[in-house]
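Q: This is the structure I have questions about; it appears just below.
The values are calculated or read from the model by the stated rules, or taken from the named source; none is laboratory data. Computed from a predicted structure; not experimentally measured. Please note: Cβ atoms are built from the backbone with ideal geometry, for glycine as well, and neighbour counts cover all protein chains shown.
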């Protein structure tokens, strides 16, 4: 089974080796390429930007982040690096650099956003009976995204892929 996890899709194909090990490599396709058109890494970015909307708040997200195309592109490029090196199960921080936004996001505004986000997360966690996922401000323009948050950007896609692989195995 081969899973080709790309930016927009995850393609899955299954082949069977039909020769002896010492013979020339011959295989038979058991399942042609299939998979999901909404399972690729660009959907991790979608979930990340959904987090940013919650973090920044609707007004800042629409009026500053979405309108500053260069800052948005730089933040997404930076997140691309973070998601490529993210290793679920390893307790490493993923430091998100927000300096690309420039003067529209001061250090004190960032501190206020982190505090508000963490307060909101505590309320949600209390209601759900789960531990809160909190951010940590680093320096004047960065926040640490805890592994528990990073994994949420991937979870829906992992579930779709696991379900598809399970159905193919069955």
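Q: Kindly establish whether residue 59 is free of Cβ contacts under 8 Å to residues at least 12 places away in the same chain and either in contact with a strand residue (DSSP E or B) (Cβ under 6 Å, 6 or more places away or on another chain) or surrounded by 11 or more Cβ atoms within 10 Å (Cβ to Cβ) (or both).
A: no
Q: What's the number of the only condition in (1) farther than 19 Å from residue 165 by Cβ; (2) at pLDDT below 75; (3) surrounded by 12 or more Cβ atoms within 10 Å (Cβ to Cβ) that residue 42 fails to meet?
A: All conditions pass for residue 42, except number (2).
Q: Related question: Given the conditions (1) surrounded by fewer than 12 Cβ atoms within 10 Å (Cβ to Cβ); (2) part of a strand (DSSP E or B), report the number of the one that residue 167 does not fulfil.
A: Single failed check for residue 167: (2).
Residues are listed down the side, and each one gets a yes or a no for (1) buried (at least 16 other Cβ atoms within 10 Å of the Cβ); (2) touching a strand residue (DSSP E or B) at 6+ places or on another chain (Cβ under 7 Å); (3) assigned to a helix (DSSP H, G or I); (4) modelled with pLDDT under 85:
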site	(1), (2), (3), (4)
11	yes, yes, no, yes
20	no, no, no, yes
31	no, yes, no, yes
35	yes, yes, no, yes
53	no, no, yes, no
64	yes, no, yes, no
67	no, no, no, no
82	yes, yes, yes, no
91	no, no, no, yes
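Q: Name the pairs whose Cβ atoms lie under 9 Å apart, with the first residue in region 99-123 and without any contact (Cβ under 8 Å) to a residue 40 or more places away in the chain and on the phi > 0 side of the Ramachandran plot, the second in a loop (DSSP other than H, G, I, E, B) and surrounded by 13 or more Cβ atoms within 10 Å (Cβ to Cβ), and 6 or more positions between them or separate chains?
A: Listed pairs, sorted by first residue: 102/68.
Q: Among the residues of region 121-149, which ones are farther than 26 Å from residue 68 by Cα and exposed (fewer than 15 other Cβ atoms within 10 Å of the Cβ)?
A: Within region 121-149, 122, 123, 124, 125, 126, 127, 128, 129, 130, 131, 148 meet the criteria.
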